[in-house]
Amino acid sequence: MLTQSNGVAAKVAQRPAEVIDRAGLGALISLLQSDGYRVIGPQVGDGAIVYETLASADDLPAGWLDEQSPGHYRLVRGPDAAVFAHTVGPQGWKRVLFPPRQTLWEGERDGSQFSIEPAEIEAPPTVLLGVRACELAAIAIQDRVFLEGAYVDAGYAARRAALFIIAVNCARSTSTCFCVSMQTGPKARTGYDLALTELCGGGRHDFVIEAGTERGAEVIERLERRAAGPEDLAAAAAAVERAASTQTRAMPPDAEGILKANLESTHWNEVASRCLNCTNCTLVCPTCFCSTVEDVTDLGGDHFSRERRWDSCFTLDHSYIHGGSVRREGASRYRQWLTHKLAHWHDQFGSSGCTGCGRCVAWCPVGIDITAEVAAIAAAAPAAPKDKR
Amino acid sequence: MSTSTVTALLERHRFFAGIPERMAVTIGEFALERKYAMEEMILRQGEPADNVYLVCSGLVSVELYAPGRDPVVVEGLGAGDVVGWSWLCPPYRWSFDARAVEPSTLIDIDAAGLRARFEVDPALGYEVLRRFVPVMARRLSSARERMAECEIDRS
Amino acid sequence: MSPPETVSAVQAVPGAVTQPASALDPMVPRAFRVEHVRREVKDVFSWQLRPLDGAAVQIAPGQFNMLYAPGVGEVAISVSGDCSDDSALVHTIRAVGTVTRAMAQLQAGAMVGVRGPFGSAWPIEAGYGKDVVFITGTVGLAPLRPLIYEVLKRREKYGKVIITYGSRGVDDILYERDLHTWRGRFDMDVNVTVHTAPTGYRGLVGSVAEAVNRSTFEGGNAIAFVCRSEALTLAAVRALQQRGMTTDCMYTTLERSMKCGIGFCGHCQFGPTFMCKEGPVYRFDTIERLFAIREL
């Protein structure tokens with residue numbers, strides 16, 4: 001778990017960075033697979049970068065870049081064979097830890113009796129390869145929801161504990177990225193076992209590899225590698241710096257305060273007039289955790305189960321109490337999503353619920369940009385009343 | 001009963017609390033104390049609203065006559081309450097029945113006489129109206145609250 | 001690091017790899033038997049539930065359980081019985097939706113599921129030394145009844161105890177037996193008011209707010225527990241304010257969609273709060289600002 005990783009990370013921080021080459025990356029994947037892990041990483045699927053189980057390093061999206069802007073996402077060919085030059089795809093790692101559908105329990109009726117058994121939790125040892133800094137932040141945020149409150153979600157805990165995380169430092173940002181303003185990236189700082197920085201071009205294709213945990217360090221020990229020289233480290237730092245300095249979007253500072261002070265802003269109606277209530281933003285968001293349950297029975301009614309599936313605060317059903325929905329207007333539902341994410345999340349979990357990954361901006365079919373909406377709400381705010389003298 | 005006794009009763013009643021003595025005396029000239037037996041009718045829907053009543057003790061129900069069924073009680077009034085405000089607005093006819101459901105003591109004021117007095121003593125008229133308006137507002141708000149609760153409860 | 005060690009290192013972490021969830025998984029209902037069904041008023045019934053495992057049940061006044069009708073679904077229902085009885089639960093349910101209508105069909109002897117208890121409780125001790133005013137209407141009396149029981153058990157710790165209860169008519173007064181018993185006590189006032197009544201009715205006819213106006217208590221030294229439809233809560237709050245009470249002495253409950261009861265599903269959010277964690281019982285001043293915002 002993250003807390004454990006943090007503690008270990010401090011201990012192994014002294015281990016100097018090393019360098020593996022492109023073949024070394026393949027060896028790393030094979031080695032973890034032979035250790036019994038399934039390795040999930042980025043690949044091209046349905047015209048986007050998706051995170052799926054990798055057979056080998058050959059499945060990685062070599063030479064692909066993503067082009068993202070509000071309401072827009074395209075894969076394009078890059079100038080080289082870099083495998084991590086893309087940024088974030090539509091689906092985050094949330095699907096691994098918090099599956100879109102899961103059975104919570106199964107029951108059986110026998111006359112007037114019934115018995116209920118918790119569903120088996122499948123949590124195979126899993127490597128997440130290519131986790132970006134914003135995604136590490138998202139996992140840490142969901143840890144606070146599912147592991148660090150009064151209750152622990154058993155399935156999440158089991159799957160979380162079965163993870164080996166290989167982070168990748170971003171060498172590139174797209175126009176929708178704003179992790180710098182959320183202070184989550186582009187460099188991975190904590191919450192990983194291994195971190196890679198890809199150095200591709202000028203006749204080389206290497207990865208600076210750093211351990212975040214003891215077990216990460218043990219894996220490095222088993223790889224063919226060399227010590228990182230000053231020029232490797234400088235190139236890695238420059239790559240991350242380039243990703244940071246090219247970000248064009250930023251969340252206004254104090255989004256929390258702005259939203260809390262403007263729960264009745266007229267701007268909510270304005271944004272609601274564009275919002276389609278399609279729920280895309282909540283589904284691609286790596287931290288959104290709303291779910292609903294469905295009770296499922298067979299035809300005879302003797303076998304039944306409860307399924308949990310992702311839900312979205314953009315549906316009328318989300319706030320339904322007998323008689324009707326509390327949030328009947330689109331403006332109310334948009335306000336719920338944005339204020340929960342950026343303001344009330346602080347009260348609930350001690351941080352923002354946003355990591356600056358930009359998915360909700362790119363995957364909004366009408367290109368609503370939450371950073372712009374927060375700025376617009378601040379701008380629409382009535383001026384503070386002047387002193388009466 | 002002497003006018004001074006009924007004036008004292010008026011001054012003690014919550015509705016007229018703090019009224020200038022001059023006005024209490026004037027109203028007292030139009031007032032008398034009346035006792036009602038249980039089930040006795042006080043006023044009747046459709047009849048001229050030429051009186052107004054203050055409840056001193058007992059319980060009075062405001063009812064709506066409903067053909068073919070028992071009357072419906074829409075308001076219960078007790079000590080400190082006023083019965084009736086149809087006397088304040090044309091056509092000066094009662095829109096509900098009022099009945100004593102317990103033995104009750106009321107101050108019965110000749111509203112027609114008082115109305116005529118308001119014409120020559122607007123200060124008195126203002127004083128009485130200013131006490132009546134909040135009562136009407138409370139009754140209206142009570143009725144609305146109950147309407148809303150019935151509707152919400154139904155769903 | 002050899003392969004077997006890798007796997008065992010993962011297994012060493014509690015909760016890892018394939019294994020059944022804990023028997024105390026808060027998402028898994030516990031089996032209870034419906035021991036007794038009481039028809040209260042039209043569409044409203046109470047269950048007395050006993051756990052099949054015989055273990056104690058724990059719940060505090062104001063808290064709720066997720067009740068499960070096998071194969072149909074789950075609903076959040078406040079406890080409405082005496083919470084000092086740890087052998088059984090009492091819940092009062094109004095048949096208004098698919099699940100509660102299915103529940104209304106169940107007879108004594110049926111098995112149902114229970115998860116809980118969840119949520120915040122009424123603060124019993126906050127009223128020590130004060131007049132206690134309960135304001136409620138229709139089925140809102142159910143979540144307050146366990147608190148009324150507790151207050152009466154330690155009656156000497158409070159000043160006046162006043163129940164103001166509003167009902168549509170004389171036929172749907174909930175817990176009439178309890179109200180009758182309480183009215184017979186000399187140490188409390190029970191003001192039942194109805195919206196309309198048949199002629200000859202000797203009780204109060206009027207709104208709940210009007211009944212609050214008529215009750216006698218020390219506004220400056222009182223605590224109020226309000227439990228009625230959210231749309232009507234403000235009418236009660238205003239009536240109490242007119243009696244000199246401030247909102248930090250008023251407690252109320254709110255209702256939102258609930259799917260899990262443990263803060264995971266996100267449905268019951270009310271501003272920064274989760275109604276299943278910070279609620280359903282709130283001190284009114286803590287939500288006063290949010291309460292004024294529509295569709296929050």
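The values are calculated or read from the model by the stated rules, or taken from the named source; none is laboratory data. Note that the coordinates shown come from a computational prediction; the quantities given were computed from them, not determined experimentally. Virtual Cβ from ideal backbone geometry, glycine too; neighbours counted across all protein chains shown. Quick note on the areas: whole protein, heavy atoms, side chains included, nothing else; ligands and nucleic acids left out. Shrake-Rupley method; radii C 1.70, N 1.55, O 1.52, S 1.80 Å.
Using R₀ = 25 Å, calculate the FRET efficiency as 1/(1 + (r/R₀)^6) where r is the Cβ-Cβ separation of C:Arg185 and C:Asn213; round to 0.05. Present the calculation step by step, with values, prior to reporting the outcome.
Working: r = 23 Å, r/R0 = 0.92.
Efficiency for this residue pair is about 0.60.
Pulled fully out, how much extra length does the chain show between A:Glu67 and A:Val366, if you take 0.36 nm times their separation in residues and subtract their Cα-Cα distance?
Values: separation 299, 0.36 × 299 = 107.64 nm, distance 1.67 nm.
In short, 106.0 nm is gained.
Please compute the net charge surrounding A:Val168, taking Lys and Arg as +1 and Asp and Glu as -1 over other residues with Cβ under 9 Å from its Cβ. Walk me through the numbers before you get to the answer.
Details: positive: A:Arg132; negative: A:Glu198.
Around A:Val168, the surrounding residues sum to 0.
Skip the ligands, DNA and RNA, and give the accessible area per residue of chain C with a 1.4 Å probe, whole Å².
Values: 11190 Å² over 296 residues.
On a per-residue basis, chain C sits at 38 Å².
Between A:Leu75 and B:Leu32, with labels modelled 7 Å along Cα→Cβ, what's the label distance in nm to one decimal, could you check?
10.1 nm
From the cross-link list A:Lys260/C:Lys259; A:Lys187/A:Lys260; C:Lys130/C:Lys160; C:Lys130/C:Lys157; C:Lys153/C:Lys277, which pairs have alpha carbons spaced over 19 Å apart? It would help to have the intermediate numbers written out before the result.
Working: A:Lys260/C:Lys259 26 Å; A:Lys187/A:Lys260 30 Å; C:Lys130/C:Lys160 7 Å; C:Lys130/C:Lys157 8 Å; C:Lys153/C:Lys277 27 Å.
Going by Cα-Cα distance, A:Lys260/C:Lys259; A:Lys187/A:Lys260; C:Lys153/C:Lys277 fall outside the 19 Å limit.
Can you give the FRET efficiency to the nearest 0.05 for A:Glu108 and A:Ala379, using r as the Cβ-Cβ distance and R₀ = 51 Å?
Working: r = 59 Å, r/R0 = 1.15.
Computed FRET efficiency for A:Glu108 and A:Ala379: 0.30.
Students sometimes get this wrong: rank B:Tyr36, B:Tyr126, A:Tyr151 by accessible area, probe 1.4 Å, all chains present, largest first.
Numbers: B:Tyr36 10, B:Tyr126 145, A:Tyr151 70 Å².
The ranking, largest first, comes out as B:Tyr126, A:Tyr151, B:Tyr36.
Under a Cβ-only charge scheme (Lys and Arg +1, Asp and Glu -1), can you give me the dipole magnitude of chain C about the Cα centre, in debye to the nearest 20?
Values: 31 positive and 29 negative charges, 119 e Å.
For this selection, approximately 580 debye.
GNM, chain C, Cα, under 10 Å: largest mean-square fluctuation among C:Thr273, C:Thr247, C:Thr100?
Among C:Thr273, C:Thr247, C:Thr100, the largest GNM mean-square fluctuation belongs to C:Thr273.
In nanometres, what is the gap between the two model label sites at B:Arg138 and C:Arg38, each 7 Å from Cα along Cα-to-Cβ?
Label-label distance for B:Arg138 and C:Arg38, simple model: 3.5 nm.
Under 20 Å from a point placed 7 Å out from the Cα of A:Thr53 along the Cα-to-Cβ direction: which residues of segment A:191-220 have their backbone N that close?
The answer is none.
Say the dipole of the protein assembly as shown comes from +1 at the beta carbon of Lys and Arg and -1 at that of Asp and Glu; which of A:Ala62, C:Tyr128, A:Pro90 then lies farthest toward its positive end?
Towards the positive end, the residue furthest out is C:Tyr128.
Report, in deg cm²/dmol and to the nearest 500, the calculated mean residue ellipticity at 222 nm for the protein assembly as shown, where each DSSP H run with n ≥ 4 adds -39500 (n - 2.57) and the sum is divided by the residue count. Walk me through the numbers before you get to the answer.
Details: 26 runs with 255 residues, N = 840.
Estimated from H runs of four or more residues: -9000 deg cm²/dmol.
Run the dipole for segment C:30-118 about the Cα centre, Lys and Arg Cβ at +1, Asp and Glu Cβ at -1, nothing else charged, and hand back the magnitude in debye, nearest 20. Walk me through the numbers before you get to the answer.
Values: 9 positive and 8 negative charges, 59 e Å.
Using only the charged Cβ atoms, the result is roughly 280 debye.
Mind putting a number on the dipole of segment A:216-346 about its Cα centre? Charges go on the C-beta only, +1 for Lys and Arg and -1 for Asp and Glu, and I need it in Debye to the nearest 20. It would help to have the intermediate numbers written out before the result.
Details: 15 positive and 18 negative charges, 88 e Å.
Using Cβ point charges on Lys, Arg, Asp and Glu, segment A:216-346 gives about 420 debye.
Just the number, please: buried accessible area between A and C, total of both chains, 1.4 angstrom probe, nearest 100 square angstrom.
Details: alone 18270 and 14860 Å², together 28080 Å².
Adding both sides of the contact gives about 5000 Å².
Out of C:Gly127, C:Gly219, C:Gly203, any idea which swings most in a Gaussian network model of chain C, alpha carbons joined below 10 Å?
Comparing C:Gly127, C:Gly219, C:Gly203 in the GNM, the peak value goes to C:Gly203.
Need one number: nm distance between label points at B:Glu47 and C:Ser87, each 7 Å from Cα along Cα→Cβ, rounded to one decimal.
About 6.2 nm, to one decimal.
Rg and Dmax in Å for chain A, alpha carbons only: what are they?
22.6, 79
Once neighbouring chains are kept in place and the probe is 1.4 Å, which whole percent of the accessible area of the protein assembly as shown is contributed by carbon and sulfur? All intermediate terms of the calculation are to be shown ahead of the outcome.
Numbers: 18010 of 34530 Å².
Roughly 52 percent, rounded to a whole number.
Over the Cα atoms of the protein assembly as shown, what is the Rg over Rh ratio if Rh follows Kirkwood? Intermediate results must be reported in sequence, preceding the final value.
Numbers: Rg = 34.5 Å, Rh = 31.3 Å.
Rg/Rh for the protein assembly as shown comes to 1.10.
Where both residues lie in the protein assembly as shown, what percent of DSSP beta bridges are antiparallel, nearest 5? Mind dumping the intermediate values first?
Values: 112 of 146 bridges.
Counting DSSP beta bridges with both partners in the protein assembly as shown, the antiparallel share is about 75 percent.
Could you check which residue among C:Arg115, C:Arg94, C:Arg214 shows the biggest mean-square fluctuation in a GNM of chain C with a 10 Å Cα cutoff?
Its mean-square fluctuation being the largest, the pick is C:Arg214.
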